[in-house]
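To start, the structure under review is shown below, and the notes come after it.
The values are calculated or read from the model by the stated rules, or taken from the named source; none is laboratory data. In this text, all values refer to a predicted model and were calculated from it rather than measured experimentally. Here the Cβ is made from the backbone with ideal geometry for all residues, glycine too, and neighbour counts use every protein chain on show. These accessible areas exclude ligands, DNA and RNA; they are computed on the full protein's heavy atoms, side chains included. Shrake-Rupley method; radii C 1.70, N 1.55, O 1.52, S 1.80 Å.
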Amino acid sequence: QLGQALLNLLKNASEALEGAKEKHIVISLESGAETATLTIEDNGPGFPPDKIDTLTEPYVTTRAKGTGLGLAIVKRSVEEHKGTLALTNREEGGAKVVMVFPLA
């Protein structure tokens, strides 16, 4: 499930960069004493500020051909692994997705 969630997030980031001159997707993993944090950032247009709080709900989409299920499935997968999911916009532009998981 987490593999599919990661694939979905990378696909979203890639699609957000279509038509951009410079395309950057950065994936980072940090491990602390109690949690592991996986972050995916891109330099695309970012999330619409007026929809950012609802994008993980089923059938909410910003794309003409989107189903609105991708981020809802990602959220469910993360939560099933006792993690949290946060969507934000980067100050310098682009989207940032942070998944935090407890270490067993």
Top-ranked residue of the stretch 57-82 - restricted to ones that are aliphatic (A, V, I, L, M) and part of a loop (DSSP other than H, G, I, E, B), ranked as farthest from residue 104 (Cα to Cα): 64
Single match in 26, 74, 60, 98 (criterion: among the β-branched types (Val, Ile, Thr) and open to solvent by 70 Å² or more (accessible area, probe 1.4 Å)): 26
Test: residue in the stretch 24-31 that is under 19 Å from residue 99 (Cβ atoms) and modelled with pLDDT under 95: no
Test for residue 66: is it modelled with pLDDT under 90, of a type outside the set (Lys, Arg) and surrounded by 12 or more Cβ atoms within 10 Å (Cβ to Cβ): yes
Single match in 11, 23, 82 (criterion: among the basic types (Lys, Arg) and in contact with a strand residue (DSSP E or B) (Cβ under 6 Å, 6 or more places away or on another chain)): 82
